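See below for the structure under consideration.
The values are calculated or read from the model by the stated rules, or taken from the named source; none is laboratory data. Since the model is a prediction, treat every value here as computed from it, not as a measurement. Backbone-built Cβ (ideal geometry, glycine too); neighbour counts: all protein chains shown. What goes into the accessible areas is simple: the full protein's heavy atoms, side chains included, and nothing from ligands, DNA or RNA. Shrake-Rupley method; radii C 1.70, N 1.55, O 1.52, S 1.80 Å.
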Amino acid sequence: MMDPFARKMWAAGIWFAISLIVLVVGLKVFSMHQWPTCPDRVISEAANPGKTWVAAILQRRCGPESEFSTRVNVRPAGPLHTGFFSSQAAKGNVFVLREDAAGAKISVSWAANNLLRVRCLHCPASLIGQRDQVWGDVKIEYEFP
């Protein structure tokens with residue numbers, strides 16, 4: 001039979017260990033949300049004439065040795081919704097380029113309420129990963145040299 005004092009010490013030690021584990025996991029979740037490792041950076045945004053759609057140029061780079069990822073994102077007017085841990089926009093990406101936005105000289109403009117023009121002066125075809133023509137009610141035209 002175990003001493004009652006020893007039993008209380010074991011119980012307190014187990015509860016202390018569980019509390020530490022919960023604290024560490026909670027801090028890790030908080031830090032991943034507050035300081036994501038590879039977030040999207042908004043380069044520019046343009047709203048359509050009716051203020052119902054917004055097109056944004058997003059860029060990310062996940063380290064000095066990795067390549068850039070530039071995307072054109074179309075969404076209903078309002079804030080950009082990103083993933084809780086990743087801080088990356090998951091919905092509405094219509095154009096993806098493995099190049100930095102400044103080097104590619106990419107820009108977006110609205111020709112009409114539902115017509116978006118994406119201009120990319122230095123976009124090699126080999127670096128284009130996605131090129132959608134339509135997203136929802138929005139038609140997308142591309143201008144390459």
Skip the ligands, DNA and RNA, and give the accessible area per residue of the chain with a 1.4 Å probe, whole Å². 64
When only the heavy atoms of the protein chains count and the probe is 1.4 Å, how do Lys105, Lys8 rank by accessible area, highest first? Lys8, Lys105
How big is the C-alpha Rg of the chain next to the rule-of-thumb value 2.2 N^0.38 Å, as a ratio? 1.62
At a Cα cut-off below 27 Å, give the lysines reachable from Lys91, other chains included and same-chain residues fewer than 8 away excluded. Lys28, Lys51, Lys105, Lys139
Mean projection of the alpha-carbon convex hull of the stretch 34-112 over all orientations, in nm²? 5.5
Under the Karplus relation 6.51 cos²θ - 1.76 cosθ + 1.60, θ = phi - 60°, what is the ordered set of whole-Hz ³J(HN,Hα) values for the stretch 95-108, x standing for Gly and Pro? 9, 10, 9, 8, 7, 6, 5, 5, x, 7, 6, 9, 8, 10
Which lysines, on any chain, are close to Lys8 with Cα under 24 Å apart, when same-chain ones fewer than 8 places away are left out? none
Using θ = phi - 60° and the Karplus relation 6.51 cos²θ - 1.76 cosθ + 1.60, list the HN-Hα couplings for the stretch 126-141 in order, rounded to whole Hz, with x at every Gly or Pro. 5, 9, 7, x, 8, 8, 7, 8, 9, 9, x, 8, 8, 9, 10, 10
Output ³J(HN,Hα) for the stretch 18-33: one whole-Hz value per residue in order, computed from phi by the Karplus curve 6.51 cos²θ - 1.76 cosθ + 1.60 with θ = phi - 60°, and x for Gly and Pro. 4, 4, 5, 4, 4, 5, 5, 4, x, 5, 5, 4, 4, 5, 5, 6
Roughly how many debye, to the nearest 20, is the charge dipole of the stretch 1-59 about its Cα centre, given +1 on each Lys and Arg Cβ, -1 on each Asp and Glu Cβ, and no other charges? 120
What percentage of all Cα-Cα pairs in the stretch 1-48 are separated by more than 15 Å? 69
The chain - percent of accessible surface contributed by carbon and sulfur, probe 1.4 Å: 63
